[in-house]
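Single-structure report; data block below.
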Amino acid sequence: MPETDQRKTAAPDVRNRLAIALDVDDLVEAIRIAKDVRPWFGVAKVGLELFTAAGSDAVVELQRVGYRVFLDLKFHDIPTTVRKAARVVGAVGANYLTLHASGGTTMLRAGVEGLAEGAANAGLEPPTALAVTVLTSEETAPDAVLTNRMKHAMEAGCGGIVCAATDLAHAKQIAPRLTTVVPGIRPPHGDNHDQARASTPDAALQAGADLLVVGRAVTSAPDRVAAAAELLGSLNLERRAGSGDALSSSR
Ligand code: C5P
């Protein structure tokens, strides 16, 4: 692992509020990144690219490195298919799974139940079901759409939602008990890539985010260790260290 600036690493409970998005198509490379940035991140996010390349081996290998694993597979299908696929995710031992809230309450509930069934069969804790509200790459999230999707998530028994930092105030009003996961995290004046509603880590935390998803701001940097230290070392981590309990208690 490259040399780390120890003054700027994150405390273990803070790391569980920081997810690194491993958006690469090779498990060896993903593990290399995961090891490099472990001093800041406690959650590894496996998206469509890595999961398509490596499947459930990605979950096992990242857990071996000490991460909680977030499968960002954004399920959206008929309820039976979602239930059966979620059962597999529950049995594999992932910690989080995303489903599209636009799939509606019945589909989301099938996912929540599938996760619980799969986990019970394997003797594991059920992963937290996260409902994706409106993608952060979309310019706008009309309040009515957001409200409707959050209601689906609550009625279905999801443990949390994924939303943009700009949606957090509204989300906390409608669903204060849901864990909020916020992608589109960038340094001040950083490249937003295809994210239309980006936020700095500090702004997202101040707005009430429980889990921040950080991808290219770190993984595409020429020196990702330095980028992680700079991006996350600027957080007032000590002050916020106690506020991540929602994550450990959520489903
Ligand atoms: O590189 P970047 O920080 O933009 O990565 C964001 C990650 O979060 C990507 O893996 C993307 O798929 C995911 N994501 C998102 N917006 C959502 C849900 C997930 O950007 N609403």
Practice problem: Take segment 2-123, drop everything but the C-alpha atoms, weight them equally and run the Debye formula without solvent; then report log10 I(q)/I(0) at 0.23 Å⁻¹ to two decimals. | Solution: -1.24
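State the extension gain, in nm to one decimal, for the chain segment bounded by THR140 and SER102, taking 0.36 nm per residue of separation less the distance between their alpha-carbons. Walk me through the numbers before you get to the answer.
Working: separation 38, 0.36 × 38 = 13.68 nm, distance 1.53 nm.
Difference between extended and current length: 12.1 nm.
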Quiz item: How far, in nm, would the chain grow between ASP57 and ASP77 when pulled straight, counting 0.36 nm per residue and subtracting the alpha carbon separation?
Solution: 4.8 nm
Exercise. Report the far tail of the P(r) of the chain, meaning the percent of Cα-Cα pairs longer than 25 Å.
Key: 38
Self-check item: Beta bridges by DSSP in the chain, antiparallel share as percent, to the nearest 5
Solution: 0
Quiz prompt | Modelled label reach - LYS151, point 7 Å along Cα→Cβ, segment 64-104 residues with backbone N closer than 20 Å | solution = 100-104
Quiz item: Using a 1.4 Å probe, what is the accessible area per residue for the chain, in Å²?
Solution: 44
Quiz item: At a 1.4 Å probe, what is the % contribution of carbon and sulfur to the accessible area of segment 6-242?
Solution: 50
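Looking at the chain, do any whole DSSP H helices span at least 24 angstrom along their long axis by alpha carbon and average -1.0 or above on Kyte-Doolittle, and which?
Span-like helices, by this rule, are 105-122.
The values are calculated or read from the model by the stated rules, or taken from the named source; none is laboratory data. Being a predicted model, the structure only gives us computed values, none of them experimental. All Cβ positions, even for glycine, are placed from backbone atoms using ideal geometry, and neighbour counts span all protein chains on display. Side chains included, ligands, DNA and RNA excluded: accessible areas come from the protein's heavy atoms. Shrake-Rupley method; radii C 1.70, N 1.55, O 1.52, S 1.80 Å.
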